[in-house]
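What follows is a set of notes on a single structure, which appears directly below.
Bear in mind these aren't lab numbers, they're just calculated from the coordinates by the rules spelled out. The structure displayed is predicted, hence computed values, not measured ones. For neighbour counting, all protein chains shown are included, and Cβ atoms are generated from backbone atoms with ideal geometry for every residue, glycine included.
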Amino acid sequence: MARDVFISYRHEDQAMADRVCAALEQRKVSCWIASRDIGPGQEWASAIVEGIQRCHTFVLILSSNSRNTRQIGRELELADNGSLRMVAFRVEDVQPPPGLLFFLGNVQSVDAFDGQFEKALARLIDAITNTDQYPAPSTKLHHSKPTPAPLPPVKRNLLFLKMAAVALLAAGAGAGTYLKVQQVEANRDFEKGEMAYRSGDWDRAIQNYSAAIQADGKFYRAYCKRARVYLLEGDIAKADADVRHVLRLDRKNDWAKNLRTELDGKSTQDGKDNNRGKKPNELAERQTMPASN
């Protein structure tokens, strides 16, 4: 069943998320919310992916609790890949943390704190309903008339790549043809990585992106997508290594530059978190301590 809105929240904010859900549905805006729509025994990750795919708008309950969460980052990534409209519903006067700012930097935000809940709710409803996809039956997974299912993107792309490889081999042998076939294999592995990425299977996504890189060492997008997964998993060192490698070879690469900005912001925030609570003389001692050989 299609829904209008996917509501994303930290478990500490469940009461507020339930309140927003109830208020929206009283005004004929259907919602998907994990606390209600994930049934007993249902696999959590699969349910989240399907829930996002069934909606046309993604609403994040943004509070100070949103600071340290990988789950929200994954949900935002899936919503971004699905081209959902995103709205940050701020229930506290806080800004998105660096890990979420990559997705929320340019999206609409609605302030619901300091007694502004009803006014914010009206603005939220206006943002949701002023779209061609409202009401929910117009979402991409549900149409009034069934249509034949097209080939999945991965299979369609693989078919094209195989045909291209055959054409290249038929055109002539040699180093150039060999390199083209390698690129075909790299694209195939990259598509597999994208499929694993969209399903939230980070380990398999890393394996497939790595295979694409091994087949084509200049596949910069594969490096950047692998760096993105490393970042989501909290492995900053590996993400940084992939981004540095791409920027050494292509300083103008937009994917790498965006990741570089996000990594720098996270490093700055982590440094502040590490220093919080330390005495001034301890900080001074750390800053003046000579580097070890």
Using modelled amide H (1.01 Å from N, peptide plane; none on Pro or chain starts), what sits under 5 Å from the amide H of Leu62, excluding residues fewer than 5 places away? Phe89, Arg90, Val91
Between the modelled labels at Asp80 and Ile236 (7 Å from Cα along Cα→Cβ) the distance in nm is 1.9 nm
At a Förster radius of 35 Å, what calculated FRET efficiency corresponds to the Cβ-Cβ distance of Trp44 and Lys252, to the nearest 0.05? 0.30
In nm, give the distance between the simple-model label positions of Asp264 and Val94, each being 7 Å from the Cα along the Cα-to-Cβ direction. 2.6 nm
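Taking the beta-carbon count within 10 Å as an exposure proxy, list His56, His245 from fewest neighbours to most.
Ranked by crowding around the Cβ, least crowded first: His245, His56.
If we sort 7-15, 115-123, 195-203 on the protection proxy, mean other Cβ atoms within 10 Å, highest first, what's the order?
7-15, 195-203, 115-123
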Gap separating the Cα centres of the stretch 117-132 and the stretch 188-204, nearest whole Å: 35 Å
Binned Cα-Cα distances of the stretch 1-101, short to long, each 5 Å bin given as a whole percent: 2, 13, 25, 27, 21, 9, 2, 0
Assertion target for Trp32, Trp44, ordered by fewest C-beta neighbours within 10 angstrom first, is Trp44, Trp32
Assuming a viscosity of 0.692 mPa s and a temperature of 37 °C, what translational diffusion coefficient in µm² per second does Stokes-Einstein assign to the stretch 43-115, Rh being the Kirkwood radius over Cα pairs? 260 µm²/s
